[in-house]
Each structure stands twice: as structure tokens, then as C-alpha cells.
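Enquirer: Structure in C-alpha cells, see below.
A short reminder: the numbers here are calculations on the coordinates, not readings from a lab. On a predicted model such as this, the values are computed, not experimentally measured, just so you know. Neighbour counts are summed over all protein chains in view; Cβ atoms, including those assigned to glycine, are modelled from backbone coordinates with ideal geometry.
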Amino acid sequence: MTTAPPQEQRRLLDLQALDTRLAKLAHQRRTLPVLATLAELEGRGDDLHRAQVEARTVAADTRRELTKAEGDVEQVRSRAARHQATLDSGKGLSRELVALQSELAQLAERQAVLEEIQLEVMERMETAEARVAELEAQERAVAADVERHTAERDAAFADLDAEIARTRADRDELASGMDGELLDLYEYARSRTGGLGVVALRGHRTEGAQIDFSLSELAAIDAAAPEEVLVSEEHGYVLVRLDSDAASGRA
């Protein structure tokens, strides 16, 4: 059986308040709204990056396609220019000149088709480059949002970390002056219950957690000396009595 003066037992409630405060601060740090915003922005940034890779690939492919189309047009133009120069010189047999005129007509038709293809590719090139530029602008906007919200997060972290450090220092100072056996009992209770180690008891009613006692437990509570440290049989909480008898030190 663990024993401790009533005043020492009641210090557990102060310790629990500090531990509860630390747990709340830690939860607040983990669940800052800005963290969800940053996670959303990160996802948006990833989506934009994938879209940008795809858009740049399309633009690069279209640029190569345009280069080929321009080369095809230039090749036909050069051939037509050579034939036209030959015709203009008047050199050659008549049938050869007639053949050149026929081929020039075919080259003109071919050039028109290739120029139409070139124009279509140019339009797709403009669309692809516009898409790349649009995505780049969106990426810059997201990056600016990330920078702004990161600064907000860091400021919130700094405030919370400072408060956590102050609370932890108060907690350590309080715990350092407490009875070791009583402190171990409290820590063991906290480990079993997930954080709540002590519950205030006023008469037969608990504060901070609802506990229904059996008749045998109530009898044991009433019979216990003020120095006796009580523990809930069902829940494992340390019970700190705040009734007048325990506070005054009377058995």
C-alpha cells in the first residue's frame, strides 16, 4: 500500500493539469489548420508538377514536329526554286522544260499542303507553350502560398514550442519535489489509461472523470486513512480525496 500526506497527494492534481496541458499543446501542434493547408498545397504542387512534365513533353514533341514540318516546306521551296531558275534560263530541251513546269505545279500543290500542316503544328505549338506558361504561373502561385503558410506554421510552432517548454519546465520542477513512489504510481496509471493518471474525489463523487464505485469500494474509501493512496479498481486512476476529512488530515 502506498501512502503519502494528503497535501502531497493533492499535488498530483497539479501535475495532472500540467500533463493535460502538455497533451493539449502537443495535439494543437499536430492539428494546426495551416498544416492541412500545407498538405493540400503540397498535393496541388505535385499535381502541377506532373501536369508540367506532361505539358513540356507535349511542347517538346510538338516543337520537333514543327521543325520537321518547316524542313519539309523548305525542301519543297528549294526544289521549286531550282526548277524555276532552270525554266527562267531557257536552257534545256523543250520536253524537259515542260516536265519541269509540270513538276513545279505539283511542287506548288505539295507546298500548299505542307504549309497547311506547318500552320496546324504551329497552332498546336502555341497551345502547348501557353499550357506550359499557364502551369508555370500556377506553380509560382502555389510556391508563394507554400512560403507564406510555411512562415505561418513556423511562427505558430515557435509560440507553441515556447509554451510547451515553459509548461514542461513547470512540470519537471513540480515532479522533482514529489515522493518517488507516489510519482511512479501516477505514471503507471497514466500509462494504463492513456494519459489520465489521477482523478479528484469529493465525497463519493469524482471530478474530471465519471467513475461509478461499487459498494465495497465506497466502504474502502470511507475507511481509508487520509495518508492512504487510493486507486480505482476498475479504471486504475489514482483517487485524490478533496473532502474535508482528508483535507484536514483526520482519519
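Enquirer: For volume of the Cα convex hull per residue in Å³, the listed values are (i) 187; (ii) 103; (iii) 123; which was obtained by calculation from the structure presented?
Expert: Working out volume of the Cα convex hull per residue in Å³ from the coordinates points to (i).
Enquirer: Let me ask you something else. Calculate one ³J(HN,Hα) per residue across region 102-109 by plugging θ = phi - 60° into the Karplus curve 6.51 cos²θ - 1.76 cosθ + 1.60, and present them in order as whole Hz with x for glycine and proline.
Expert: Whole-Hz 3J(HN,Hα) from phi for region 102-109: 5, 5, 4, 5, 5, 5, 5, 5.
Enquirer: Just going by the charge dipole of the chain, with Lys and Arg at +1 and Asp and Glu at -1 on Cβ, which of Thr20, Leu230, Pro5 is farthest out on the positive end?
Expert: So the residue we want is Thr20.
Enquirer: Bin by bin, in steps of 10 Å, what percent of the Cα pairs in region 33-154 do you find, going until the bin that has the longest distance?
Expert: 12, 24, 17, 14, 12, 9, 6, 4, 1
Enquirer: Pull up all non-local amide H partners of Thr206: gap of 5 or more, or a different chain, and H-to-H distance under 5 Å with H placed in the peptide plane.
Expert: Here Ile211 satisfy the definition.
Enquirer: Taking the Cβ of each residue in Ser94, Ser78 as the centre, tally the other Cβ atoms inside 10 Å and list the residues starting with the fewest. Each step should come with its number before you reach the end.
Expert: On the way: Ser94 7, Ser78 10.
Starting with the residue having the fewest Cβ neighbours, the order is Ser94, Ser78.
Enquirer: Could you list Arg77, Arg95, Arg82, Arg10 so that the one with the fewest beta carbons within 10 Å of its beta carbon is first and the one with the most is last?
Expert: On the way: Arg77 14, Arg95 8, Arg82 11, Arg10 17.
The order, fewest Cβ neighbours first, is Arg95, Arg82, Arg77, Arg10.
Enquirer: Relative contact order of the chain: what whole-number percent is it, with Cα pairs under 8 angstrom and at least 6 residues apart? Spell out each step's value before the answer.
Expert: On the way: 225 pairs, mean separation 85.8, N = 251.
Worked out over the chain, it gives 34 percent.
Enquirer: In the chain, what percentage of the DSSP-assigned beta bridges are antiparallel, given to the nearest 5? Before the final figure, lay out the partial values.
Expert: Working: 6 of 10 bridges.
Of those bridges, close to 60 percent are antiparallel.
Enquirer: Also, quick follow-up: Specify the angular offset, from 0 to 90 degrees and rounded to the nearest 10, of the alpha carbon long axis of helix 180-193 from the longest principal axis of the alpha carbons in the chain.
Expert: Tilt relative to the chain: about 50 degrees.
Enquirer: For region 10-25, just list the computed ³J(HN,Hα) in residue order, Karplus coefficients 6.51, -1.76 and 1.60, θ = phi - 60°, integers in Hz, with x standing in for Gly and Pro.
Expert: Result, ordered by residue: 5, 5, 4, 5, 5, 5, 4, 4, 5, 5, 5, 4, 4, 5, 5, 5 Hz.
Enquirer: Right, here's the next one. About its Cα centre, what dipole magnitude does the chain give when the only charges are +1 on Lys and Arg Cβ and -1 on Asp and Glu Cβ, stated in debye to the nearest 20? All intermediate terms of the calculation are to be shown ahead of the outcome.
Expert: Values: 32 positive and 50 negative charges, 149 e Å.
Charge dipole of the chain: 720 debye, to the nearest 20.
Enquirer: Which one, Met122, Ala133, Ala156, projects farthest toward the positive side of the charge dipole computed for region 62-184 from Cβ point charges (K/R +1, D/E -1)?
Expert: Projecting each Cα onto the dipole axis, the largest value belongs to Met122.
Enquirer: Would you mind computing the Rg to Rh ratio of region 136-219 from its alpha-carbon coordinates, Kirkwood style for Rh?
Expert: Result: Rg/Rh = 1.30.
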